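A.B. asks: Pasting a structure here, questions to come.
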Amino acid sequence: MDPWLIWLIVAAVLAVAEIFTLTAALGLLSAAALVTAGSAAVGMPVPVQFLVFTVVATVTVLFVRPVALRHLAAPQVARFGVDALVGKAAYVVSEVTGLGGRVRIDGEEWTARAYDETLVIPPGKTVDVMEISGATAIVYPRD
């Protein structure tokens, strides 16, 4: 069997292993095996192939993996869905108490409850959305 084919099989096995582990290290080793398969295909001797694999694997694991992990761990920049409503201002449509009420957030009407269950917020007041619980906005009045 040709050496380039062996390296290609090693690259495929490492890529499949990466899919199951999601560590980013095995994927980089797979890339190194793929580069080595290319060097074997052009006729480099086996010791040089191992050197190519070692160098590419070391460079990718030491330099590429930390960058990839940093990008994966970066906080989400934009909030979507109901998470985007938290912190917004809302207009009280019908009296809001600890048991219920209605508010308008960005033109949509939501059921609402007061964050402090002892509060009674009259219609026409502006409130802040503290959290969303299911389809109910938990609100607190602005002073």
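The values are calculated or read from the model by the stated rules, or taken from the named source; none is laboratory data. This structure is a prediction, so every number in the text was calculated from the model and none was measured. All Cβ positions, even for glycine, are placed from backbone atoms using ideal geometry, and neighbour counts span all protein chains on display. Please note that ligands, DNA and RNA were not included when accessible areas were found on the heavy atoms of the full protein model with its side chains. Shrake-Rupley method; radii C 1.70, N 1.55, O 1.52, S 1.80 Å.
A.B. asks: Among Val55, Trp110, Pro141, pick out the residue whose Cα is farthest towards the positive end of the charge dipole of the chain, where Lys and Arg carry +1 and Asp and Glu carry -1 on C-beta, about the Cα centre.
C.D. replies: Farthest towards the positive pole: Val55.
A.B. asks: Full-extension gain between Arg65 and Val93, please, as 0.36 nm times their residue separation minus the C-alpha to C-alpha distance.
C.D. replies: Taking 0.36 nm per residue and subtracting the Cα distance, the gain is 4.9 nm.
A.B. asks: Roughly how big is the chain's charge dipole about its Cα centre, with Cβ charges of +1 (Lys, Arg) and -1 (Asp, Glu), in debye to the nearest 20?
C.D. replies: Dipole of the chain, to the nearest 20 debye: 280 debye.
A.B. asks: Under DSSP H, which helices of the chain have Cα atoms covering 18 Å or more of the helix axis and a Kyte-Doolittle average no less than 1.6?
C.D. replies: TM-like helix candidates: 3-21, 25-41, 46-59.
A.B. asks: Return a whole-number percent for the relative contact order of the chain, with Cα pairs under 8 Å and 6 or more residues apart as the contact set.
C.D. replies: Result for the chain is 15 percent.
A.B. asks: Moving to a separate point now. For Met44 and Ser133 in one chain, what is 0.36 nm times their gap in residues minus the Cα-Cα distance, to one decimal in nm?
C.D. replies: Full-extension gain reported as 25.7 nm.
A.B. asks: Next up: Determine the relative contact order of segment 60-120: mean sequence separation of Cα pairs under 8 Å and six or more apart, normalised by residue count, in whole percent.
C.D. replies: 22 percent
A.B. asks: OK, next. Assuming 0.36 nm per residue, please report the length gained on full extension of the stretch Ala84 to Ala15 beyond their Cα-Cα distance.
C.D. replies: 21.1 nm
A.B. asks: May I ask you to give the percent of accessible area on the chain that is carbon plus sulfur, with a probe radius of 1.4 Å?
C.D. replies: Reported share for carbon and sulfur atoms: 67 percent.
A.B. asks: Okay, moving on. log10 I(q)/I(0), Debye, Cα-only the chain, no solvent, q = 0.20 Å⁻¹?
C.D. replies: These q points yield log10 I(q)/I(0) values of -1.03.
A.B. asks: Measuring with a 1.4 Å probe in the full set of protein chains, what accessible area per residue, in whole Å², belongs to segment 8-143?
C.D. replies: 62 Å²
A.B. asks: Here's something else I'd like to know. Order 29-38, 91-100 from most to least packed using the mean count of other Cβ atoms within 10 Å.
C.D. replies: Result, highest mean Cβ count within 10 Å first: 29-38, 91-100.
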